[in-house]
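Written out below as structure tokens is the structure these notes cover.
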Amino acid sequence: MTHEAKETRFDRLSRPSIAEILPMVDIKLPNLFTPKLPKSVATINDMRARASRMVPKSVFDYVDGSAGDERTYQNSLDLFQRVRFTPKQLRGVDGVDLSTNFVGVQSPVPFALAPTGFTRLMHHMGELAVARAASSEDIIYTLSTMGTISPDELASYLPGAKLFFQLYVWRDRSFTLDLLERVKRAGYRAIMLTIDTATAGLRYRDERNGFSIPPKITPKTIADMALHPRWWINLLVRPPLEFATLTSTDGTVSDLVRSVFDPRLNFDDLAFLRESWEGPIVVKGVQSAKDAETISKMGVEALLLSNHGGRQLDRSLEPLRLVEPTRQLVGDDAQIFIDGGIRSGSDILAALAFGADGVFIGRPYLYGLMANGQEGVKRVIEILKKEITVQMQLLGVSSLSGLDKEMVKVI
Ligand SMILES: Cc1cc2nc3c(=O)[nH]c(=O)nc-3n(C[C@H](O)[C@H](O)[C@H](O)COP(=O)(O)O)c2cc1C
């Protein structure tokens, strides 16, 4: 019998505890942590370009990438580009009112922030930076089950903020119930149940990059440190990067999703959730008008037509195409939202004109977060707000209810 084969902890290098060393270091690094966001970042695509320079490639790819050959996501982006507007002229639009509501929660704008997991990877302040930017504008933010801050802790820093909680139903149902109880106590206004993640989509960029959680230090990563020192320093000196509600964090995100979430999720689970949660429910990831009708009959308040930003089922339909058929079957029984590929105020107005009640955005605010933390997210919100305001005036409508199907077509 040999006693040599198995690696022991003494064989590995141990990371020095930087938190212990730091108090001894007498160097101030304020600008290293807060670079200024240049005025030239005027659009979401500008922000995306800046984000790609600010973080390691594997991090940017994790956010920017999608499943399969990435055509599904590209198709959503392309479809928005093919929308053409016909304005209502000579209507006299002095000011515009962008306000609406998401499942009864008032919002000053027709967009809300979608859930995105593992957000402290993009910037060390993670969900907190995003939620602070959102709440400073009174905008709804949805915290993911895969968050790097727990629902209770996030809510404790932001009393009064408009927070939704995105739920993945776990294999262990008692855990789901405990989580719902905590979320309720913390004052979250709605639950968003994601139904498109029976397993993780095939994210080839992550595989090629050897992306893992937590990030591994390899010769490649050491070279990357020289290019993105700010990101790496923050990773090393801040509290460890971990999922706040999960325990096992070794491997790719896909490995984690596969081990924790329940592929048997079905309509009985939705009925179970309806009984367990008194507040509004948004079902996210709906991909057919027929399913939308069945789900809405189960008494949920809203449907989020979504293909997870092209990150799950490859070759799924662009959500924008589903808005009209869903409205025909669901009527006004439930609100209809969409997400995926929204990169401008025009995209948002197109979705609303086709009949959506509101939209959610994911990557746009993550680009802002990677580019400049809270300030970057705030800029993203400002850009979209400005674009919607100007475009509405040019379209000749003073409130969102003035948008209709006659004003849009896809060429
Ligand atoms: C990095 C990243 C992480 C995400 N994590 C989650 C998640 O934990 N739960 C979820 O329901 N959706 C998640 N999504 C999907 C978003 O909620 C949303 O559906 C998608 O980003 C919309 O497309 P967009 O990025 O083009 O706006 C994630 C998306 C990204 C980009």
Take the stretch 336-388 and flag every residue that is crowded, with 23+ Cβ neighbours inside 10 Å and polar (S, T, N, Q). Asn372
Strands (runs of 3 or more DSSP E) contained entirely in the stretch 124-235, each with at least 1 residues that are under 23 Å from Arg264 (Cα atoms) and out of contact with any Gly (no Cβ under 7 Å at 6 or more places or on another chain): 163-167, 190-194
Any residue in the stretch 48-62 that's touching a residue at least 12 places away in the same chain (Cβ under 8 Å) and closer than 9 Å to Met370 by Cα: show its pairings with residues that are small (Gly, Ala, Ser) and surrounded by fewer than 21 Cβ atoms within 10 Å (Cβ to Cβ) at Cβ separation under 8 Å, as long as the two are six or more apart or on different chains. Phe60/Ser52
When only residues in the stretch 106-121 that are touching a strand residue (DSSP E or B) at 6+ places or on another chain (Cβ under 7 Å) and either free of Cβ contacts under 8 Å to residues at least 60 places away in the same chain or in a strand (DSSP E or B) (or both) count, which is farthest from Ala161 (Cα to Cα)? Phe111
Every pair of residues 6+ apart whose Cβ atoms lie under 7 Å, when the first sits in the stretch 357-372 and is over 11 Å from Met122 (Cβ atoms) and away from the ligand (no atom under 12 Å from the Cβ) while the second is at pLDDT 95 or above and assigned to a loop (DSSP other than H, G, I, E, B): Gly358/Pro110
What number of residues within the stretch 16-59 are surrounded by fewer than 17 Cβ atoms within 10 Å (Cβ to Cβ), part of a helix (DSSP H, G or I), modelled with pLDDT of 95 or more and hydrophobic (A, V, I, L, M, F, W, C)? 1
Please tell me if Val282 is in a helix (DSSP H, G or I), among the β-branched types (Val, Ile, Thr) and at pLDDT 95 or above. no
State whether the residues of the stretch 283-296 include one that is within 16 Å of the ligand (Cβ to nearest atom), in contact with a helix residue (DSSP H, G or I) (Cβ under 9 Å, 6 or more places away or on another chain), of a type outside the set (A, V, I, L, M) and at positive phi. yes
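The values are calculated or read from the model by the stated rules, or taken from the named source; none is laboratory data. In this text the structure is predicted, and so the values were computed from the model without any measurement. With ideal geometry, Cβ positions are generated from the backbone for all residues, glycine too; neighbour counts draw on all protein chains shown.
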